Amino acid sequence: MAGSAANLAGRFGALTLLSALSTIAITRLLGPSGYGVYGSAVATAAVLGAIADFGFSMMLSRDMAEDASSHRPLLRAAYEVASGWSLVLALVMVAMAFSAPISSKRGLALLVLAPSMAFNGLNPARAFFLVTYQTGRLVRIDLLTALLQLIATVVVAASKLGPVAVTATVSAGSIVNNVVVAAVVARMLEPGSGSFSRRVLVRRAAPLGALSIMTKVYLTIDLVLLGWYVTGTRLGDYAAASKLLTVIAGLSGAVMAGALPALSREAGARRALNELGQRIWHWLMVGALPIFLALGLFAPLFVELSVGHRYRGAIPLIRILSIAGAVTVMSNLAGNLMVALRRMRSLFIQNSLAIVVNITGNVVLIPRYGVYAAAWMTVATEVLVCGASLFSLRRDLSFSGLARVSLRPALAALISAIVALPLLQWQWIAATASAVVFLASVTVLRAWPSELRRLRWFPSRVAEAWRFGPS
């Protein structure tokens, strides 16, 4: 059975498109003030959602890949533990809603998100698709539910029902998605008996859970804190900029999540692990990183096409956050390698430091510098995490190999940026010229990944070019 990462990336691209369309619609219909309320509440739910997962997804992706007979008992134990824990966190969200206070739009938005938090106990089901290399089926479910949610949110937002009603629609969509995914997995599991100790499951998941929570905290705590310090259009500007970054960064993050089982299998063979890491990095160099470069260069165009001219205050924020996004691409690869190598202690230390630096910096600087402080603290935190990860992998990762596959794609990106710079006042012309020059440079320099250079560019063959799973 083969898993195709190119297929996963392509399908997730459709999800990214739907997410982008949803962002475009909601930001334009709610306006900066309304979107600020919505974005802050969703960011709070995202942090609690990471706490609800508690590392179960990563642990299952790693451990189920090592033993096919463990699928049913592991999932059963994960459901039991995750459901109880998610219910507790749903009550925490209710308490936060009342402290907001409940009479405010922010409080009501938090309250309507609480039911979806309770259903996060079904999230472990998603790991089954990754481990069995059936991500296509998972993404089809996600695409269908995302499309229905997009239609519903647009209708609600266009009806001028406000940010609370839009948040309630998103909450309902999340519940439907979790239920459908779990129901499909229940039908796919092979019959069998046996049990898995809940205590052992918690003990295995806890280190990964702590790391997952820490990562989500330092990535999203800025928007949560801004909800307490900043109001009005500036909060909406930052929420929009942060959302654009999240949508684009989600592509490389999803591909890395799909690669984790393969990385775990190669963890014991340093040469094979490095070859796989270089292969993944090469694809990211010609795919994810140029997008963040374009985001920084053509931020006004991105804003105009996505969230609209009312969010022009988000342009400098997007340019700052695009730096963090580029660093995140390497952080994702290094972080997943550390998980595969079970470097839990190092991950725990670096993420703890990142949280302390991020929260302290935001609390001290936001009152004086506002949203710009939050943006630059995001950059600083990502640089810290990426640097610490690479230092921890210095004896396991071939940096010369990564540099070798990076040289030509980086040169192509540099050439395209040089062409764009004199034309930036004409954003459409600059973006078009840059894209054409980048594609031409990558081709002339033979910077495409080797899998693509051996193909004749038929889509069906390209989709099979990048495989993480066994043939």
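Numbers for the structure displayed
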read-out: Long-range neighbours under 6 Å by Cβ, at least six apart or interchain, first residue within 19 Å of R199 (Cβ to Cβ) within region 45-66, second outside any helix (DSSP H, G or I) and modelled with pLDDT of 70 or more; value: D53/N123; F56/P124; L60/P124
read-out: Test: residue in region 366-377 that is surrounded by fewer than 19 Cβ atoms within 10 Å (Cβ to Cβ), aliphatic (A, V, I, L, M) and in contact (Cβ under 8 Å) with a residue 12 or more places away in the chain; value: no
read-out: Tally of residues being at pLDDT 75 or above, buried (at least 24 other Cβ atoms within 10 Å of the Cβ) and of a type outside the set (A, V, I, L, M) across region 243-261; value: 1
read-out: Per-region count, region 335-356, residues part of a helix (DSSP H, G or I), over 21 Å from I221 (Cβ atoms), among the hydrophobic types (A, V, I, L, M, F, W, C) and touching a residue at least 60 places away in the same chain (Cβ under 8 Å); value: 4
read-out: The lone exception for V327 - which of (1) under 19 Å from V224 (Cα atoms); (2) in contact with a Cys (Cβ under 6 Å, 6 or more places away or on another chain) it fails; value: (1)
read-out: Residue within region 393-407 that is under 25 Å from the mean Cα position of the chain (by Cα), closer than 23 Å to L244 by Cα and surrounded by 15 or more Cβ atoms within 10 Å (Cβ to Cβ) present; value: no
read-out: Selection from region 80-125 of residues that are touching a helix residue (DSSP H, G or I) at 6+ places or on another chain (Cβ under 7 Å), of a type in the set (S, T, N, Q) and assigned to a loop (DSSP other than H, G, I, E, B); value: N123
read-out: Single condition R454 does not satisfy, out of (1) at pLDDT 85 or above; (2) on the phi < 0 side of the Ramachandran plot; value: (1)
read-out: Given (1) surrounded by fewer than 20 Cβ atoms within 10 Å (Cβ to Cβ); (2) modelled with pLDDT under 85, number of the condition A240 does not satisfy; value: (1)
read-out: Exclusive hit being in a helix (DSSP H, G or I), more than 25 Å from A334 (Cβ to Cβ), in contact with a Phe, Trp or Tyr (Cβ under 6 Å, 6 or more places away or on another chain) and at pLDDT 80 or above, set V170, V185, V179, V164; value: V185
read-out: Residue in region 309-318 that is closer than 17 Å to T246 by Cβ and charged (D, E, K, R) present; value: no
read-out: Residue pairs meeting the criteria (Cβ under 8 Å; at least 6 apart or on separate chains; first over 16 Å from V200 (Cα atoms), in region 72-100; second crowded, with 20+ Cβ neighbours inside 10 Å and of a type in the set (D, E, K, R)); value: A100/R106
read-out: Sole residue being among the aliphatic types (A, V, I, L, M) and at pLDDT 85 or above, chosen from A465, A420; value: A420
read-out: Test: residue in region 297-311 that is of a type in the set (D, E, K, R), at pLDDT below 90 and either touching a Ser or Thr at 6+ places or on another chain (Cβ under 7 Å) or over 20 Å from S434 (Cα atoms) (or both); value: yes
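The values are calculated or read from the model by the stated rules, or taken from the named source; none is laboratory data. Remember, it's a predicted structure, so these values are computed and weren't measured experimentally. FYI the Cβ positions are ideal-geometry reconstructions off the backbone, even for glycines, and counts take in every protein chain you see.
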